[in-house]
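Peer 1: Handing you a structure now.
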Amino acid sequence: MSHPRLTDVWGARDPIDAWNKANASWVGAEATGDVLVVRYEDVIADIGRELDRFTRASPTRRRQPNPRRYRVARGPRMEDGRARGS
């Protein structure tokens, strides 16, 4: 176990069991309205929807109504704008 006290607190038998119990506690806390669980997979699938969920759950407002699309560039750019190695 990464933390021996997890065995005492959650009764976890192994790291996988501890992970499952931790996730279950977060999801259960979300039902109370005090916690917002944001899954990486959901952000990748639809960032706009997840930003809307965050905005509804927190006292913030979005400056941009729609998420912007950014091109991913790796490494320094050449003079003509292309990424090196492309």
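Peer 1: Within the stretch 36-57, does at least one residue satisfy the condition of being among the small types (Gly, Ala, Ser), on the phi < 0 side of the Ramachandran plot, modelled with pLDDT of 75 or more and part of a loop (DSSP other than H, G, I, E, B)? Give the steps one after another, and end with the answer.
Peer 2: Residues of the stretch 36-57 among the small types (Gly, Ala, Ser): 45, 48, 57.
Next, only the ones that are on the phi < 0 side of the Ramachandran plot stay: 45, 48, 57.
Still in the list and also modelled with pLDDT of 75 or more: 45, 48, 57.
With the extra rule that they be part of a loop (DSSP other than H, G, I, E, B), the set shrinks to none.
No: zero hits.
Peer 1: Just to be sure I understand the filter: pairs with C-beta atoms under 6 Å, separated by 6 or more residues or on different chains, first member in the stretch 1-16 and surrounded by 12 or more Cβ atoms within 10 Å (Cβ to Cβ), second member assigned to a loop (DSSP other than H, G, I, E, B) and modelled with pLDDT of 70 or more. Which pairs pass?
Peer 2: Leu6/Ala12
The values are calculated or read from the model by the stated rules, or taken from the named source; none is laboratory data. Source: prediction; values computed, not measured. Every residue, glycine among them, receives a Cβ derived from its backbone with ideal geometry; neighbour counts consider all protein chains shown.
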